[in-house]
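Everything on this sheet refers to the single structure shown next.
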Amino acid sequence: MTRPSFDTLYQALLARDASYDGRMFVCVSSTGIFCRLTCPARKPRVENCSFHETVAECIEAGFRPCKRCRPTTPEASADPVVKPLIEALEKRPGYRWGEPDLVRMGFEPSTVRRAFKRHFGMTFLEMARQRRLQEGFSALAGGGKVIEAQITAGFESPSAFREAFAKILGQPPGAFSTQPLLFADWVASPLGPMIAVTDNTQLHLLEFLDRKAFPAEFRKLQTFAKGRIGFGRTEVTDQIQAELDRFFAGQGGTFETKLALHGTAFTRDVWRELLRIPAGDIRSYTDVAKALGRPEAVRAVARANGANQIAVVIPCHRVMGADGSLTGYGGGLWRKQRLIEIEQGYRSKG
């Protein structure tokens, strides 16, 4: 299927066009939910929508399935392995599912694994883990206590919950401030869930959760804030979510969110130079060094590029090796390739 335009898909959503059922899904940033286009729920505002072709893309972007239209069910409803497990997951999203549970329900774990990979692009246990982490983080961001988030996320012991949480953010949930200067919250994207850290006027950090350097970046920001990073969402968080949605939907390649740049003077100069690269254009590290009037500083430019803490918005993905190779990207070369492809679309539109 040739992917329809965003406007076409949004009109299909408004019309509840059944021809897209099982082929496209809508993710709603204001609710964190994804739905079939035929969902009977009230239709979301256009700026809160993004569209994806698979359930796996929606879940990996940090969205939870709608309980009204049950988008995880239609494409696999005829599969006797998938349907009962999806229903069980919907009833217990915070439960810590394991292979013994599958055996007790009469399923062979390897059969379940193959069936879910075929239908959703991820295993049942991977899907269940994503749901648990989303439930726990949402509880914390909504003002819940750590013990409430632990229970919501399905962790039997506080230590296990802290360990899992620390693996993501580099510190246990109890270390977050109850009187924060900066606020951390989950931000959805088609390339995977992200964490945004904002204050009431600026974006301080935007990073993919699975980036290896993320915990270290978060600790540096925690030092800057003197330990006063807490959970929560600001108008800046909503703004960057809306701008990311537009970007990935092909509606706009620029960002207006005000940025807080943390780094040395040279590092900040490199990031500002990156911001001058138009969407769809590519530069080499040598090009950036020359533009700064420091042609000898190619390696320093590469280090500053790699130290970027505001992914996608500060476009370090637009810098390649001198031979045109993708070279390193902290978020993964597959993401770099996808971002370049998206921006080439903007360039072709002029």
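The values are calculated or read from the model by the stated rules, or taken from the named source; none is laboratory data. Fair warning: this is a prediction, and the values are worked out from it, not measured in the lab. Here the Cβ is made from the backbone with ideal geometry for all residues, glycine too, and neighbour counts use every protein chain on show.
Within segment 32-46, work out how many residues are in contact with a helix residue (DSSP H, G or I) (Cβ under 9 Å, 6 or more places away or on another chain) and modelled with pLDDT of 85 or more. So that I can check it myself, show each step before the final result.
We begin by selecting, within segment 32-46, every residue in contact with a helix residue (DSSP H, G or I) (Cβ under 9 Å, 6 or more places away or on another chain); these are 32, 34-39, 43-44, 46.
So of that shortlist, the ones also modelled with pLDDT of 85 or more come out as 34-39, 43-44, 46.
Selection size over segment 32-46: 9.
Which of the numbered conditions does Leu209 fail, given that it passes all the others? Conditions: (1) farther than 24 Å from Arg303 by Cβ; (2) surrounded by fewer than 22 Cβ atoms within 10 Å (Cβ to Cβ).
(1)
For residues that are within 30 Å of Trp186 (Cβ to Cβ) and in contact with a Pro (Cβ under 9 Å, 6 or more places away or on another chain), scanning just segment 255-296, find the one that is surrounded by the most Cβ atoms within 10 Å (Cβ to Cβ).
Restricting to residues being within 30 Å of Trp186 (Cβ to Cβ) and in contact with a Pro (Cβ under 9 Å, 6 or more places away or on another chain), the top hit is Leu274.
Kindly indicate which of Glu126, Glu163 is outside any loop (DSSP other than H, G, I, E, B) and at pLDDT below 70.
Details: Glu126 fails: at pLDDT below 70.
Of the residues listed, the single one that is outside any loop (DSSP other than H, G, I, E, B) and at pLDDT below 70 is Glu163.
Name every residue in segment 223-252 that is in a helix (DSSP H, G or I), out of contact with any helix residue (DSSP H, G or I) (no Cβ under 6 Å at 6 or more places or on another chain) and surrounded by fewer than 21 Cβ atoms within 10 Å (Cβ to Cβ), in order of residue number.
To start, the set of residues in segment 223-252 that are in a helix (DSSP H, G or I) comprises 223-224, 235-248.
If we keep only those that are out of contact with any helix residue (DSSP H, G or I) (no Cβ under 6 Å at 6 or more places or on another chain) as well, we get 223-224, 235-241, 243-248.
The answer is Thr223, Phe224, Glu235, Asp238, Gln239, Glu243, Arg246.
Please list, ordered by first then second residue, the pairs with beta carbon atoms under 7 Å, 6 or more apart or interchain, first in segment 272-300 and part of a loop (DSSP other than H, G, I, E, B), second of a type in the set (Gly, Ala, Ser).
Ala279/Gly253; Pro295/Ala289; Ala297/Ala289
Is it true that Thr257 is in contact with a strand residue (DSSP E or B) (Cβ under 9 Å, 6 or more places away or on another chain) and either touching a residue at least 12 places away in the same chain (Cβ under 8 Å) or under 25 Å from Asp238 (Cβ atoms) (or both)?
Details: in contact with a strand residue (DSSP E or B) (Cβ under 9 Å, 6 or more places away or on another chain): yes; either touching a residue at least 12 places away in the same chain (Cβ under 8 Å) or under 25 Å from Asp238 (Cβ atoms) (or both): yes.
When the stated conditions are applied, Thr257 passes them.
Gly332: more than 24 Å from Gln251 (Cβ to Cβ), surrounded by fewer than 21 Cβ atoms within 10 Å (Cβ to Cβ), at pLDDT below 85 and within 22 Å of the chain's Cα centre (by Cα), yes or no?
Values: more than 24 Å from Gln251 (Cβ to Cβ): yes; surrounded by fewer than 21 Cβ atoms within 10 Å (Cβ to Cβ): yes; at pLDDT below 85: yes; within 22 Å of the chain's Cα centre (by Cα): yes.
Criteria met by Gly332.
If I go through segment 292-325 residue by residue, how many of them are farther than 18 Å from Gln337 by Cβ and either of a type outside the set (A, V, I, L, M) or in contact with a Lys or Arg (Cβ under 8 Å, 6 or more places away or on another chain) (or both)?
Going through segment 292-325 one residue at a time, the tally reaches 9.
What single numbered condition from (1) of a type in the set (Phe, Trp, Tyr); (2) without any contact (Cβ under 8 Å) to a residue 60 or more places away in the chain; (3) assigned to a strand (DSSP E or B) fails to hold for Trp186?
(2)
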